[in-house]
Each structure stands twice: as C-alpha cells, then as structure tokens.
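A short write-up of the structure that comes next.
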Amino acid sequence: MIKPIQRVDHLVRQLLPASLVVLLILMQAVPTRIPQMAGVVPLLPMIGIFYWSLYRPDLLVPSVAFATGLVNDIVLGAPVGVSSLVFLAMQGMTASQRRFFHGKSFLLIWAGFATLAAGGLLIQLALSAALFGRAPLFHALLAEYIITVCCYPLPSWMFSRLQLFWLRSE
C-alpha cells in the first residue's frame, strides 16, 4: 500500500516541470530597468518547454504546455491562446525529435533549441500580426531571440541538476 507521504512526494515530482515553467513565466514578467530594452525580455518559458519536452516528455505533456501557455498570456496580458499555440508547437516538435537529440552534445541541443525558438517566434509574429493588424518591430523580436538563445545554458544546467536530484527515482 502506498503511504500518503509517498503520494505527495510523487505528486510534487510530477508537478516539478510545470511549476518551473510557471516560475519562468513569472520571472519573464518582472519589469527590467534597462532603458531602451523595456519591452525586450528573454522568452524563458520556451527554455523550460524545450528542456522538459526533450528530457521528460512524460511530465510535460501537451495539456501542460497548453495550460502554461494560457498562464503566460494571462500574466503578460497577451492575447489568450498565442503562447498556448507556440508552446504546443514547441512541445510537439521537441518531443518528436527526442530520439534524434538523445546522446548528442550540448552544442547540438543548444542549436536545436535555437532553431525551435526561431520557429516559435515566427509563429508568435504571425499570430500577433493577424490579431493586431501589424507586426511587432523586427529588431525587438531579433533582440528577444538572441537574448533567449544566449540564456539557454543556465536554465538548462539548473534543470539538469534538479532532474538528477528530484526526478532520479521516477
């Protein structure tokens, strides 16, 4: 018989990836004090979606990607559904290429993230242009993309440590 403490432990382990993506959403929403870069922030939740879809797709399923996208849109005040579609696309493409990335070097995985993040930003650009009737500034999107790709190694390293510590027995 499973003890209640074991059930709670299992539940916490199951919720870890989604909770971390929500934490990244909240971190992304914190205003920066950099003068000409107020609207340019790294798309941190994309990093979480990519990482957990690649290494633990059983814990970041499409419904979780969709729900975190809704949370992202609500927290940032974006049109509801845009981030959900982007996160779903990223989760699906990452999970489908899991076998390709297995055992590859970090640089190749980082390049894979860069490619998928570019695709995610293009989807976001197309949806935003369709909803608002105008496209966001290209240089702002490019800056967001570059910052996001450059930020990837640190959260990825932190997630790998958490995965080894918290999810090793799953």
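Take the chain, mark every one of the trypsin sites (Lys or Arg not before Pro) that falls in a DSSP loop and has at most 12 other Cβ within 10 Å, then report the longest stretch left between them, sites excluded. Intermediate results must be reported in sequence, preceding the final value.
Working: sites that count: Arg33, Lys104, Arg134, Arg168.
The longest such stretch corresponds to 34-103.
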With N residues in segment 46-92, Rg(alpha-carbon) / (2.2 N^0.38 Å) equals 1.04
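At 10 °C and a viscosity of 1.306 mPa s, what translational diffusion coefficient does Stokes-Einstein give for segment 32-110, taking Rh as the Kirkwood radius over Cα pairs? Give it in µm²/s as a whole number.
Details: Rh = 13.5 Å.
It comes out at roughly 117 µm²/s.
Starting from the Kirkwood radius over alpha-carbon pairs of segment 1-152, derive D by Stokes-Einstein at 4 °C in a medium of 1.567 mPa s and give it in µm² s⁻¹. If you can, show how the numbers build up before the last one.
Details: Rh = 16.2 Å.
My calculation gives 80 µm²/s for D.
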Applying the span-like rule to the chain (DSSP H, Cα extent along axis at least 18 Å, Kyte-Doolittle mean at least 1.6) gives 106-132, 138-151
FRET efficiency for Trp157 and Leu125 from the Cβ-Cβ distance with R0 = 30 Å, rounded to 0.05, comes out at 0.55
With label points set 7 Å from each Cα along the Cα-to-Cβ direction at Trp166 and Ser105, the distance between them in nm comes to 3.1 nm
In the chain, taking the dipole from +1 charges on Lys and Arg beta carbons and -1 charges on Asp and Glu beta carbons about the Cα centre, the listed residue (Pro79, Ala143, Ala130) farthest towards the positive end is Ala143
Sorted largest first, the C-alpha extents of segment 96-170 along its principal axes in whole angstrom are 49, 24, 23
Under the helix-only model (-39500 (n - 2.57) for each DSSP H run of 4 or more, divided by the residues of the chain), the mean residue ellipticity at 222 nm, to 500 deg cm²/dmol, is -24500 deg cm²/dmol
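Every number here is computed from the coordinates shown, using simple stated rules; none is lab data. A quick note: this is a predicted structure, and the numbers were derived from the prediction, not measured. FYI the Cβ positions are ideal-geometry reconstructions off the backbone, even for glycines, and counts take in every protein chain you see.
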